[in-house]
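Below you'll find the structure, written out as structure tokens, and then a few comments.
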Amino acid sequence: MSGARLSLASLAHVPAPVRRPGYDVAAAQVGVVHLGVGAFHRAHQAVYLDDILGRGHAGWAVAGASLRSPDTSDALDPQDGLYTLVTRSGEGDRLRVIGSLRRLLVAPREPQALLAAMTEPAVRIVTLTVTEKGYCHDPAAGTLDEGHPDIRADLADPERPVSAPGFLVEALRRRRAAGIAPFTVLCCDNLPANGRTVARVVARLAALREADLGRFVEDEVAFPSTMVDRIVPATTDTVRALVADGLGMEDAWPVSAEPFSQWVVEDHFPLGRPPLEEVGVELVPDVAPYEHMKLRLLNGAHSTMAYLGALAGYAHIADVMAAPAFARLVERLQDEEITPTLHLPAGVDVGAYKRALRERFRNPALKHRTWQIAMDGSQKLPQRLVAPARDRLAAGAPIPLLAFAIAGWMRYVTGRDEHGTPIEVRDPLAGRLRALADAAGPDADRLTPALLSVREVFGDDLPADPRFAGPVRAALGRILAGGVAASVAETVAG
């Protein structure tokens, strides 16, 4: 089918061994609205729901909404929402067409259509992957940032929201006014205690609109916490070409991922839920132990490799892990300073989990870019690296490796690599971070306190604690004086 494009009309022509949906895609009914329909959702939650639809549960298809860019909708609308998932490993690539995404919306273009979709009685769950910054919250405190421009806009014109919390509050208000029970809000982002954090943010925004609405959200809306885990790199032209060759037709926006996938969910869904347990989702009473284990051991190691690896010239995580000193840094960081901060789930073999993580990091086919992981560090560091450091200090334990990782972030956000080449620092606080770094200069004694003053990352306690500030300053001094590669080797040899 030369020149053809993936769609419902061409689906029957997708060749074996590409896996196709085993159900009538056009007949699937929307039961979930998803905010933030990016690559991670399409490689994770949408795949689980595709499996559920394939088991005959036709009422759990997805209406996906982009809160900013129309790119996903523009790419997938002509394909009837279909796209290809490429599972990549050293053993080869496996292709699968996903059909669970039945409707695509672009919030800035059609906010009322999105609100109408969220108000449909058949929609019982609203899921989110809007990244940490999408919740308009203070990462250090876990509360609503009431001065955030999007929150101010939502309070000024609440019936035309722009933020994820704004859409949730207005949709819940409309459901309440119409006598429709509230949907369950299921956050799938890497926030600490993500359900409770989002509950605080949404309830506060609702209360700022109307006290009774705030109480309604607090009393009547369920916010189960979740933990999600799958490495999903940005889609490249190489992946697009691979998919076109495998399908014999074009797919404008496939996604790629590693073979591993995990979803742990607190089982609290007042309006009901799909049979998640049938497709491998772990339903638990408390997700916190799983969340801490993943956020710190996987995401904390990822951030460490992203900043230090990018500065050292490594483009991909697998490249970082191929460098013996960097791999040793990851192992020691996980074993010596992060693992002691964990309250492990019953029956979990943490040693086996860490070994599996390191193998996942080494996956040569994945091409997970250090630059991609480095984005939005001011939103990620509080839970990935700062929280375990705080726990270590509370236990009277040292933090030389965590301090070194945090110093790597400080060096990265100065905006220039070791050759003086500009780094594109993608972060909500990028301008402020760069101004602080420029004013301080490449001097650890000045740069460390300047960046520690960013309370959204470090809070009010750590900058004043010499047990934290001292090791970070010393580590940053080594990086600035000797370069990243030499300082990594020196750190792991110590």
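Just so you know, all these numbers are worked out from the coordinates, no wet-lab data involved. Note that this is a predicted model, so its numbers are computed, not measured. Please note: Cβ atoms are built from the backbone with ideal geometry, for glycine as well, and neighbour counts cover all protein chains shown.
Can you give the charge dipole size of the range 11-284 about its Cα centre, rounded to the nearest 20 debye, using +1 on the beta carbon of Lys and Arg and -1 on the beta carbon of Asp and Glu? The partial results should precede the final answer.
Details: 27 positive and 37 negative charges, 68 e Å.
In debye, rounded to 20, the range 11-284 gives about 320.
Let me check against my output: what whole-number percent is the relative contact order of the range 309-435, with C-alpha pairs under 8 Å and at least 6 apart? Write down the numbers at each step before the final one.
Details: 93 pairs, mean separation 38.6, N = 127.
Rounded, it is 30 percent for the range 309-435.
Percent of alpha carbon pairs in the range 288-493 separated by more than 24 Å? Present the calculation step by step, with values, prior to reporting the outcome.
Working: 7333 of 21115 pairs.
Here the long-distance tail beyond 24 Å is 35 percent of all Cα pairs in the range 288-493.
So, with +1 on the Cβ of K and R and -1 on the Cβ of D and E, and no other charges, what is the size of the charge dipole of the range 199-264 about its Cα centre, to the nearest 20 debye?
Details: 6 positive and 11 negative charges, 54 e Å.
Rounded to the nearest 20 debye, it is 260 debye.
Among PRO233, GLY459, LEU53, which residue has its Cα positioned farthest towards the positive end of the charge dipole of the chain, with +1 placed on the Cβ of Lys and Arg, -1 on the Cβ of Asp and Glu, and the dipole taken about the Cα centre?
Result: PRO233.
Please name which of ALA164, PRO139, SER256 has its Cα lying farthest along the dipole of the range 11-284 towards the positive end, using unit charges on Cβ (Lys, Arg +1; Asp, Glu -1) and the Cα centre as origin.
Sorting the options by dipole projection puts first ALA164.
The range 436-494 to the range 288-321: how many Å between their Cα centroids?
Here the answer is 19 Å between Cα centres.
Assigning unit charges at the beta carbon (Lys, Arg +1; Asp, Glu -1) and nothing else, what dipole magnitude in debye, to the nearest 20, does the chain show about its Cα centre? Could the numbers behind the result be given before it?
On the way: 53 positive and 60 negative charges, 80 e Å.
In total the dipole reaches around 380 debye.
Please state, rounded to one decimal and in Å, the Kirkwood hydrodynamic radius that the range 11-284 gives when every pair of distinct Cα atoms enters the mean of 1/r. Working shown, then result.
Working: mean 1/r = 0.0527 Å⁻¹.
19.0 Å is the Kirkwood radius here.
Pairs of Cα atoms under 8 Å, at least six residues apart: use those to get the relative contact order of the chain, whole percent. Write out the running numbers ahead of the final one.
Values: 898 pairs, mean separation 67.7, N = 494.
Computed value for the chain: 14 percent relative contact order.
Over the range 364-494, calculate the relative contact order: mean separation of alpha carbon pairs under 8 Å at least 6 apart, over the residue count, as a percent. Present the calculation step by step, with values, prior to reporting the outcome.
Working: 123 pairs, mean separation 37.8, N = 131.
Computed value for the range 364-494: 29 percent relative contact order.
Take the chain, mark every one of the GluC sites (Glu not before Pro) that falls in a DSSP loop and has at most 10 other Cβ within 10 Å, then report the longest stretch left between them, sites excluded.
On the way: sites that count: GLU91, GLU424.
Value returned for the longest uninterrupted segment is 92-423.
Along the positive direction of the dipole of the range 249-397 (beta-carbon charges: Lys, Arg +1; Asp, Glu -1; about the Cα centre), which of LEU308, GLN372, VAL350 reaches farthest?
Farthest towards the positive end: LEU308.
How big, on average over all directions, is the shadow cast by the Cα convex hull of the chain, in nm²? Each step should come with its number before you reach the end.
On the way: hull surface 91.2 nm².
Averaged projected hull area, Cα only: 22.8 nm².
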